[in-house]
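Right, one structure below, let's go through it.
The values are calculated or read from the model by the stated rules, or taken from the named source; none is laboratory data. Note that this is a predicted model, so its numbers are computed, not measured. Don't worry about glycine lacking a Cβ; one is built from the backbone with ideal geometry, like all the others, and counts go over all protein chains shown. Note: areas computed on protein heavy atoms with side chains; ligands, DNA, RNA excluded. Shrake-Rupley method; radii C 1.70, N 1.55, O 1.52, S 1.80 Å.
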Amino acid sequence: MDNRVPPRAAGPGPRRRDRHGRGMRGPIAPPQVPLAASRAEVFADLVQDSVERLERRWPQLADVEFLVFEVPRVDGLDAVGLWGEESVPLGGSVPAREGRRARVVVYRRPVEIRSKGRDERAALVHEVVVEQVAELLGLTPETVDPRYGEE
């Protein structure tokens, strides 16, 4: 009884280990563990938490689209004239137009640069979301969230 296994064809294919058999075998952490989430995913979760917190008080925010961009875009404009000498916006809002929903945008990299830890980042994200929602609704940030500025 000679059941020989045919040799594996040597060809282009993913190589899972180095030549000594000690390379990476799989992901470091399973997908359900927080370690597996990227910084962008964690940041988007912070924005979503803030939005959910505000939607309980302001149900009309269900019609607003909340987005996370890496950095603000400069479409051929002079950034110094647009934002000033030393400031880069942390977020922005665009009112609804015909056929488009209102939008609130939070810029991930400027917020990350200005915050040191997760708690500080979460507080800053919430402040940015509150400020942009207040601008969109034509209210003060304290009206949108009575705890604005306390955290």
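Positive contributions from Lys and Arg (+1) and negative ones from Asp and Glu (-1), summed over other residues with Cβ under 14 Å from the Cβ of Val68, come out at 0.
Charge tally around Ala96: other residues with Cβ under 12 Å, Lys/Arg +1 each, Asp/Glu -1 each, net +1. Between Ser38 and Glu142, the simple spin-label model (points 7 angstrom out along Cα→Cβ) gives 4.1 nm. Net charge in the neighbourhood of Arg109 (other residues with Cβ under 14 Å of its Cβ; Lys, Arg +1, Asp, Glu -1) is +3. Computed from the Cβ-Cβ distance with R0 of 41 Å, the FRET efficiency linking Glu65 to Ser115 stands at 0.95. Shown are Phe69, Phe43, whose ranking by accessible area with a 1.4 Å probe and every protein chain present, most to least, is Phe69, Phe43.
Grab the Cα-Cα distance for Ser87 and Arg100, subtract it from 0.36 nm times how many residues apart they are, and report the gain in nm with one decimal.
Value of the extension gain: 1.8 nm.
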